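To start, the structure under review is shown below, and the notes come after it.
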Amino acid sequence: MFSLDLSFYNWELFTNYILKGFLFSVQLTLIATVGGIVFGTALALMRLSGRSALVYPATFYVNTMRSIPLVMVILWFFLLIPMLIGQPIGADLSATITFIAFEAAFFSEIVRAGIQSVPRGQGFAAEALGMTYGQNMRFIVLPQAFRNMIPVFMTQTIILFQDTSLVYAIGAYDLLKGFEIAGKNYGRPIETYILAAFTYFIICFSLSKIVRKIQFKVAIIR
Amino acid sequence: MSLDVGVFCKSTLDGEVVDHCFSALFGLGQNADPSYLDWLMKAWGWTLAVAGLSLIIAIILGAFMGTLRTLPVTNGMNRVLVRFSTMWVELFRNIPILVQVFLWYHVIPAFILPLKALPSYWLVSIALGFFTSARIAEQVRAGIQALPSGQQMAATALGLTTFQSYRYIILPMALRIVIPPLTSECMNLVKNSSVAFAVSVPELTLFAMQAQEETSRGVEIYLAVTFLYALSAFTVNRVMSLIERRTRIPGFITASSDAVLAH
């Protein structure tokens, strides 16, 4: 029977190995969330515009991204970006671009559902007041839609944080990698995998508890 | 840049073109000199095997745990079961799948020694199955709670025990309701099976990485692999919609649209 010894896990190990990976995972999550929401909103507006020149490319993009495993998307970008720009690119930067592009497809579906959840009368009323399409979206529809979407955005961000561990495929230094390297250097791989699982669990579990609280607060009572 | 499909007819041993490329498709791996096409097809087989085994584990455990979560808390036993299934879902939902795969591969066999004898294919499938079971459990719970509460009450009024009312009244309805969300979970499972590369199961993603390195024809290799993933997920989608149509009870549950592609 294997006996567990966690005494090697100290502040020094944390700052030397884990912190760097943790910061990268968090940074990747935040950048991909913001970028994903911006590009996702653009994709959603394209899909709802009703103009086939906008609808079809956006739909094709979203469906393609959603039918490929994330690991393959990460590998694709890592292969294609250097081919297109003609010079090698680091795993960190490649991962960041990949996650923005990938999450845009998922956030666009959330935004689309959010916009459709705003009662149609709201948009009609804005039109009747003489607002342009842009004003209508900017002042009437999107503010309500985004409020409805906040909990779903946060849930997607938690999933995204878990998914960042897949940058393992191209060797980027994220939270999981930090634990793995620490485990190798200290000769304690089993303990560090347990600690990695524990760390991810604590973060994701507490975040999902917070999301559940926020869900009640932001609900628009009609 | 042009595509060179010929790479699939090259031998994996010396990089020379083999003369039985497409016949190789049908005599899987029987040739002394396997081509990349052989290897690709074998890798696809591994992907389907991992996805298939974990699907069985996930559906059985997911339906079971999802049902437990909805038990009426009328006695101590039920309370324990509800708490246990809730913990199950939270545990397997809040740890990234890749970390769970490493736990099953590196950590758990150190504590449960007989697991050391299992090949990594089994361990990955268990990891994927448990991970997905938490998601399926949530769908099943939602399906059960979507039923009108009158169903349960009527069952109780007829004198059915809790077990009987689940067996004959609630589950036959709820399991039909959850087929559409289950479809997208199954498609996710096919895609998630790609994490098996991390513990050296020779499936499509590992093939993509290794063949890309050996041949430097990354685009062709990745296109083929991506196509096979999409094809597998699409097939799952069609099979599930067939099951949905076959099990539908006319007049009871309104036809739901096909599950959206993935996630």
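Read-outs: derived from the displayed coordinates by stated rules, not from any lab. Predicted, not measured: the structure shown is a model, and the values here were computed from it. Cβ: placed from backbone, ideal geometry, glycine included. Neighbour counts: every protein chain shown.
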How are the C-alpha pair distances of chain B spread across 5 Å bins, as whole percents from the shortest bin up?
-> 1, 6, 11, 13, 14, 13, 12, 10, 7, 5, 3, 2, 1, 1, 0, 0
Would you work out which of A:168, A:14, A:205 lies farthest towards the positive end of the dipole of segment A:11-218, given +1 charges on the beta-carbon of Lys and Arg and -1 on that of Asp and Glu, about the Cα centre?
-> A:205
With 10 Å bins from 0: P(r) over chain A, alpha-carbon pairs, percent = 7, 26, 29, 21, 11, 4, 1, 0
Estimated Rh, segment B:85-198: Kirkwood, alpha-carbon pairs, angstrom | 16.1
Quote the charge dipole size of the protein assembly as shown about the Cα centre in Debye, to the nearest 20; the model charges only the Cβ of Lys and Arg (+1) and of Asp and Glu (-1).
-> 2280
For A:163, A:92, what's the fewest-to-most ordering of other Cβ within 10 Å of each Cβ?
-> A:92, A:163
12 Å beta-carbon shell around residue A:33, net charge (K/R +1, D/E -1) | -2
A chain fully extended from residue B:81 to residue B:60 at 0.36 nm per residue, minus the present Cα-Cα distance, gains in nm 5.9 nm
Would you mind computing Rg(Cα) / (2.2 N^0.38 Å) for the protein assembly as shown, counting N as its residues?
-> 1.06
Would you calculate a helix-derived [θ] at 222 nm for chain A, using -39,500 (n - 2.57) for each DSSP H run of n ≥ 4 and dividing by the full residue count, to the nearest 500?
-> -25000 deg cm²/dmol
Residue-count net charge about residue A:22 - beta-carbon cut-off 12 Å; Lys, Arg +1, Asp, Glu -1 = +1
Ranking B:186, B:9 by Cβ neighbours within 10 Å, fewest first, what do you get?
-> B:9, B:186
Which whole-angstrom value gives the distance between the alpha carbon centres of segment A:170-215 and segment A:1-78?
-> 16
So between residue A:11 and residue A:185, what do we pick up on full extension, going 0.36 nm a residue minus the alpha carbon distance?
-> 61.1 nm
In degrees, nearest ten, helix B:179-192 long axis to first principal axis of chain B (Cα) = 30
Which value, in debye to the nearest 20, gives the size of the charge dipole of chain A about its Cα centre, when Lys and Arg are +1 and Asp and Glu are -1 at the Cβ?
-> 860
Of the candidates A:25, B:231, B:173, the farthest towards the positive dipole end of the protein assembly as shown (Lys/Arg Cβ +1, Asp/Glu Cβ -1, centred on the Cα centre) is B:173
Euclidean distance of C-alpha centroids, segment B:147-214 and segment B:35-67, integer Å | 13
Once you average over the residues of B:220-229, how many Cβ atoms of partner chains fall within 10 Å of each Cβ?
-> 3
Report, as an integer, the average count of C-beta atoms from other chains found within 10 Å of each Cβ along B:97-108.
-> 6
In nanometres, the difference between 0.36 nm per residue of separation and the alpha-carbon distance of residue A:209 and residue A:135 is 23.1 nm
Relative to the longest principal axis of chain A, what angle (0 to 90°, nearest 10) does the C-alpha long axis of helix A:91-117 take?
-> 40
Charge sum, other residues only, whose C-beta stays under 12 Å from residue B:192's C-beta, Lys/Arg counted +1 and Asp/Glu -1 = -1
